[in-house]
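Novice: Can you keep this structure in mind? I'll have questions shortly.
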Amino acid sequence: MRWRGRNTSSNIQDRRGAAGYRGSRTTRHVSGIGGLGLLAILIVGAFLGVDVTPLLQGGGGMGSLTEQSAPSGPNQINDSQEEFVAVVLRETETVWSDIFARSGYTYEEPTLVLFEGGTTSGCGYARSAMGPFYCPADQNIFLDMDFFRVMQQDLGSQGEFAQAYVIAHEVGHHVQDQLGLLGKVNERRSSVSRAEANALSVRIELQADCYAGLWARDAASGLELTEDDIRSALDTAARIGDDALQRAQGGQVVPDSFTHGTSAQRQRWFDTGFRTGDPAACDTFATDAL
């Protein structure tokens with residue numbers, strides 16, 4: 001993957017080191033969830049696409065937050081990590097703007113917020129332990145750069161393109177939001193059983209994986225992606241499948257509790273997007289064969 005020297009997105013808001021974003025945290029016992037279970041939930045939250053704070057309600061929570069306004073003015077690229085994120089985001093803007101334009105629509109670019117520890121979001125308090133997520137309330141993607149270290153050291157995920165896949169997946173949720181799909185599914189999830197809500201979440205997540213693969217296909221030439229790059233994304237998809245995470249806990253695999261799909265499903269849908277380059281092929285709601 002060759003990204004250095006390429007154009008960067010201006011839709012980066014760097015809150016790292018900004019005063020007033022961390023707030024105060026109250027550490028409480030999370031009833032019914034042991035340490036490994038909590039860790040698994042938080043890792044899964046990295047690819048949930050919406051705020052996972054409700055998963056922790058009833059036992060854990062955040063303290064008060066000092067309100068501060070976001071940094072204003074144009075963002076400056078301060079380090080190579082930020083440059084990498086800004087290049088990947090720019091590549092997603094180029095691809096999705098073109099796809100939307102071909103269908104007669106205008107793609108509204110999301111803002112990617114970099115933070116450390118915690119920050120405010122339209123979906124509640126964003127914590128680094130939640131991993132990257134998309135908030136439809138403010139159309140922002142939130143990313144603590146330390147998550148990339150967690151990917152390498154704790155999940156065993158290697159390669160820069162694996163990190164690009166994470167960003168592209170979250171952008172996929174923004175695309176779903178632009179199309180009105182995310183809101184409709186979240187509304188539906190609030191009126192059905194837990195198992196049905198989980199099944200809807202799986203379809204949302206697999207579609208975002210497919211959109212990430214579709215983006216990778218269109219960006220492959222400019223970024224000079226190799227087969228190793230694509231394998232690193234597929235390997236990452238396998239490592240964060242619901243079944244893989246539950247096995248890593250040493251517990252029983254419970255399909256009704258899945259919210260993201262199995263390792264095989266996540267790999268399949270990323271590959272579907274990459275092979276076809278067709279947004280219509282990413283319709284996970286039109287098939288029973290996930």
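Novice: Could you tell me how many of the residues in the range 222-233 are over 14 Å from Met151 (Cβ atoms) and assigned to a helix (DSSP H, G or I)?
Specialist: So the count comes out to 7.
Novice: Condition first: more than 19 Å from Cys282 (Cβ to Cβ) and touching a strand residue (DSSP E or B) at 6+ places or on another chain (Cβ under 9 Å). Can you find one or more residues in the range 154-171 that meet it?
Specialist: No; the residues of the range 154-171 include none that is more than 19 Å from Cys282 (Cβ to Cβ) and touching a strand residue (DSSP E or B) at 6+ places or on another chain (Cβ under 9 Å).
Novice: Hey, another quick one. Pull up the range 89-134, narrow it to residues that are within 24 Å of Arg4 (Cα to Cα) and touching a Phe, Trp or Tyr at 6+ places or on another chain (Cβ under 7 Å), then point me to the one that is surrounded by the most Cβ atoms within 10 Å (Cβ to Cβ).
Specialist: Thr92
Novice: Going through Gly180, Gly277, Gly250 one at a time, which residue ends up being modelled with pLDDT under 90, out of contact with any Phe, Trp or Tyr (no Cβ under 9 Å at 6 or more places or on another chain), at positive phi and surrounded by fewer than 21 Cβ atoms within 10 Å (Cβ to Cβ)?
Specialist: Selected residue: Gly250, the only one of Gly180, Gly277, Gly250 that is modelled with pLDDT under 90, out of contact with any Phe, Trp or Tyr (no Cβ under 9 Å at 6 or more places or on another chain), at positive phi and surrounded by fewer than 21 Cβ atoms within 10 Å (Cβ to Cβ).
Novice: So for the range 175-186 (the condition being among the aliphatic types (A, V, I, L, M), in contact (Cβ under 8 Å) with a residue 40 or more places away in the chain and within 20 Å of Ser9 (Cα to Cα)), does at least one residue qualify?
Specialist: yes
Novice: Count, please, the residues in the range 118-159 that happen to be farther than 25 Å from Ala248 by Cβ, in a loop (DSSP other than H, G, I, E, B) and in contact with an Asp or Glu (Cβ under 9 Å, 6 or more places away or on another chain).
Specialist: Result for the range 118-159: 5.
Novice: Oh, and also: Report the residue count in the range 276-290 for those that are in a helix (DSSP H, G or I) and in contact (Cβ under 8 Å) with a residue 60 or more places away in the chain.
Specialist: Residues meeting the conditions: 4.
Novice: Answer yes if at least one residue in the range 152-163 is surrounded by fewer than 19 Cβ atoms within 10 Å (Cβ to Cβ) and either modelled with pLDDT of 85 or more or of a type in the set (Gly, Ala, Ser) (or both), and no otherwise.
Specialist: Checked against the condition, which is being surrounded by fewer than 19 Cβ atoms within 10 Å (Cβ to Cβ) and either modelled with pLDDT of 85 or more or of a type in the set (Gly, Ala, Ser) (or both), the range 152-163 yields at least one hit.
Novice: Okay, moving on. If the requirement is being outside any helix (DSSP H, G or I) and in contact (Cβ under 8 Å) with a residue 40 or more places away in the chain, which of these qualifies: Gly250, Gly213?
Specialist: Gly250
Novice: For the range 190-206: of the residues being buried (at least 18 other Cβ atoms within 10 Å of the Cβ) and either in contact with a strand residue (DSSP E or B) (Cβ under 8 Å, 6 or more places away or on another chain) or of a type in the set (D, E, K, R) (or both), which is nearest to Arg90 (Cα to Cα)?
Specialist: Out of the qualifying residues, it is Glu205.
Novice: Can you work out which of the residues in the range 253-273 that are part of a helix (DSSP H, G or I) and over 18 Å from the mean Cα position of the chain (by Cα) is surrounded by the most Cβ atoms within 10 Å (Cβ to Cβ)?
Specialist: Among them, the one singled out is Thr272.
Novice: Just for the range 105-131: of the residues that are at pLDDT 90 or above and touching a helix residue (DSSP H, G or I) at 6+ places or on another chain (Cβ under 7 Å), which one is farthest from Met145 (Cα to Cα)?
Specialist: Here the residue is Thr106.
Novice: What's the number of the only condition in (1) at pLDDT 90 or above; (2) under 14 Å from the mean Cα position of the chain (by Cα); (3) surrounded by fewer than 20 Cβ atoms within 10 Å (Cβ to Cβ) that Ala137 fails to meet?
Specialist: (2)
The values are calculated or read from the model by the stated rules, or taken from the named source; none is laboratory data. Computed from a predicted structure; not experimentally measured. When we count neighbours, we look across all protein chains shown, and the Cβ atoms used for this are built from the backbone with ideal geometry, even at glycine.
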